[in-house]
Amino acid sequence: MEGKREKWMVFSAWPYVNSVPHLGNLVGSILSADIAARYLRMRGAEVVFASGSDMHGTPIEVEAIKRGIEPKELAERNHEYVKKLFEKWNISFDNYSKTESPVHIKFVQDFYRKVYDNGYIFDDVVQMLYCPNDKIFLPDRFVVGTCPYCGYEKAHGDQCENCGRLLEPTLLINPRCAICGATPIVKTTRHWFFDLPAFTEKLEKYIEGNKNLPANARNMSLQMVREGLKPRSVTRDNKWGIPAPFPGAEGKTIYVWMEAVLGYVSAVKEYFEKRGTPEKWREFWFDENTKTVYFIGKDNIPFHVIIFPALLMASEEGYVLPWTVASTEYLLFKGLKFSKSKRHGIWIDEALEVFPVDYWRFALTALRPEVRDTNFTWEEFRRVINNELNDAIGNYVHRVLTLAYRRFGQVPEPVEESREAAELSSTISKLVDEAGDAMARFRFKEALAKIVKLAGEGNAYLNRTKPWELDDGAAATVLYGALHLVKALAITLSPIIPGSAQKMWEFLGYSDSVERHLWEEAKEPPPPGQALKEPKPLFRKISEEDIDKAIERIEEIRRAKEASS
Ligand SMILES: [Zn+2]
Ligand SMILES: [Zn+2]
């Protein structure tokens, strides 16, 4: 590559570990970020891909109280569980950290002390609801009561789920503590606030000038900035959190939202500390040429385009601001949103118990809600796996490898000019470019469609050229082209189904990792004379019965979980 290598930081929103993520959570954030990181590495970029568990705050504290254990114990246990799950999902994190990491805790405190010293933190007295029974201040979500607008009796302190209006806990009629049901009292407490309005002009300039942000994220954020920003509270009265470093704030912790978001920085810092180059994180975070992409939920856009950049500005240290954010629409399950309380959906631990990881990674990419909400149904899952993964890709690869292995045992030397083979080669180049272009725009579903099309071209080529009817010389030429297409599939599929792509790669006779190769190499055929390995089918079709069994198995897992909790 000419010039300097591109530098990228790829981030996914930090999962809050009071529960296991479901497929809807995974598809737009962690899985998307993984595909992006894998693709960018194959483009030759220097990439740091980091995330971590968001562990502090009220929901975990309350859950721990219910179970009679320490919040730290519960949070660490959940962290270990999801961390292992992400390994099983083959997520290629350079660092998967946690907000209880000592590096993070120290970083957050130093950071906020700096912002305080720069004059952007002030304190104020506020009225909050307090449960006299649980002896805690109740965050918005932990107050339920009757909506003053529509009369719905189970409205939460921040929002009424029935009429959708935004609320304040003190507006609720007949408020109750969500933990114990007691009537809360109004208590005065002091809190610390971040002076977000001080950054109005700078934010407007940053958002307006940043053409990489998706149009909807830009417009929505600009509108919010122009309508007027309010100070954001930085502290909470929770015990389970990072102690606030401000004078007079003893006993207060930093609000989880305002703390976990700094994990994007601390996890990179921690990564380079672990590698023994503790200063190198600065080469990423303080270089304006570093590109950053944040894979987040749609509802998190304002936080990443307004509040987080403002915090980075407030430190006055020159952190690189978000280059872009990437979010998806919603993945629905049988037409409805995934719901934890209704147990509607599939969770990432259950999924791996019923089908191989690459089936899921493939299907979720094929069904990625890129431009509109997309419905996940078992029928769709089965169709995608059977028609696209198994028939179009798997069968092509297996046919070619078997023909070439049996007849030549190696990548054959092409012996004659062939118009068909030349055309195939240019089709491969064209589709590899198109798939790469979609990958670079983080349109992974679009990229996968190009790759499936490539496999389709391969199948059509075999049917046209019929190498099994040809003499050795002609067959060698035809199969050489066909094997090139297998190589192109292995490389381009590697970000999406890394395990299966690696197997294709090895059947082609390579002994290293396909993911260490460059995307561009998909345009070059494998070397003639390279010994092939005996191929085995990579995938298999899913029957209706398999689906029934999977559904039954998931029910079983849920019953066992409920019984043990
Ligand atoms: Zn209402
Ligand atoms: Zn209570």
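For the reader, a short list of remarks on this structure follows.
- Mean accessible surface per residue for the range 427-504, computed with a 1.4 Å probe while every protein chain stays in place, in Å²: 30
- The range 386-460 and the range 134-183 have Cα centres spaced 57 Å apart.
- Accessible area of ARG236 (1.4 Å probe, protein heavy atoms only, ligands and nucleic acids ignored): about 50 Å².
- Accessible surface of LEU336 - all protein chains present, 1.4 Å probe, nearest 10 Å²: 100
- Carbon and sulfur %, accessible surface of the range 1-78 computed with the full protein complex present, 1.4 Å: 50
- Applying a 4.7 Å cutoff between beta carbons, the unpaired cysteines of the chain are CYS180.
- Between GLU168 and LEU470, the modelled label-to-label distance comes to 7.7 nm, taking each label 7 Å out from Cα in the direction of the beta carbon.
- List ILE185, ILE207, ILE105, ordered by accessible area with a 1.4 Å probe, largest first: ILE185, ILE105, ILE207
- Residues of the range 226-314: accessible area per residue with a 1.4 Å probe, Å²: 40
- The apolar share of the surface of the range 511-565, taken as the fraction of accessible area on carbon and sulfur atoms (1.4 Å probe, ligands and nucleic acids excluded), comes to 48 percent.
- Computed over protein heavy atoms with a 1.4 Å probe, the accessible surface of the range 89-223 works out to 51 Å² per residue.
- Applying a DSSP loop filter and a limit of 13 other Cβ atoms within 10 Å to the trypsin sites (Lys or Arg not before Pro) in the range 130-164 leaves LYS135, LYS154.
- Cα gyration tensor category, rounded, prolate or oblate, for the range 72-126 with a/c compared to 1.5: prolate
- Of interest is the spacing of the C-alpha centroids, which for the range 520-553 and the range 240-301 amounts to 40 Å.
- For a paramagnetic label modelled on ASP299 (point 7 Å from Cα along Cα→Cβ), amide N atoms under 15 Å away belong, within the range 321-341, to 328-332, 337-341.
- Across the range 220-348, the volume of the C-alpha convex hull divided among the residues equals 189 Å³ per residue.
- Angstrom value of the Kirkwood radius, inverse mean 1/r, which spans all Cα pairs in the chain: 26.0
- Counting DSSP beta bridges with both ends in the chain, the antiparallel % (nearest 5): 55
- Here the gap between LYS106 and TYR81, fully extended at 0.36 nm per residue and compared with their Cα-Cα distance, gives a gain of 6.5 nm.
- In degrees, nearest ten, helix 419-440 long axis to first principal axis of the chain (Cα): 10
- Using a probe of 1.4 Å, the accessible surface attributed to ASP373 totals some 70 Å² when neighbouring protein chains are kept in position.
- Carbon + sulfur, % of accessible area of the range 390-501 - ligands and nucleic acids excluded, 1.4 Å: 47
- Volume in Å³ per residue [convex hull over Cα atoms, computed for the range 377-523]: 105
- Three-way shape label, the range 120-279, alpha-carbon gyration tensor, a/c 1.5: oblate
- Estimated distance in nm for a label pair at GLU317 and LYS340, the labels positioned 7 Å out from Cα along Cα-to-Cβ: 3.1
- Signed unit charges on C-beta, dipole axis of the chain, positive-most listed residue ALA438, VAL268, GLY481: VAL268
- Within the chain, helix-based [θ] at 222 nm, where runs of 4 or more DSSP H residues each add -39,500 (n - 2.57), nearest 500: -13500 deg cm²/dmol
- At full extension, THR189 and ILE557 could sit 128.0 nm farther apart than now, given 0.36 nm per residue minus the alpha carbon distance.
- Listed residues PHE93, PHE308, PHE122 arranged by accessible area, highest first, probe 1.4 Å: PHE122, PHE93, PHE308
- In this simple spin-label approximation, ASP123 and ARG406 carry label points 7 Å from Cα along the Cα→Cβ vector, and these lie 8.1 nm apart.
The values are calculated or read from the model by the stated rules, or taken from the named source; none is laboratory data. Quick caveat: nothing in here was measured; it's all calculated off a predicted structure. Ideal geometry is used to build each Cβ from the backbone, glycine not excepted, and the neighbour counts take in all protein chains shown. For the accessible areas, the whole protein counts, side chains as well, though only heavy atoms, and no ligand, DNA or RNA atoms are used. Shrake-Rupley method; radii C 1.70, N 1.55, O 1.52, S 1.80 Å.
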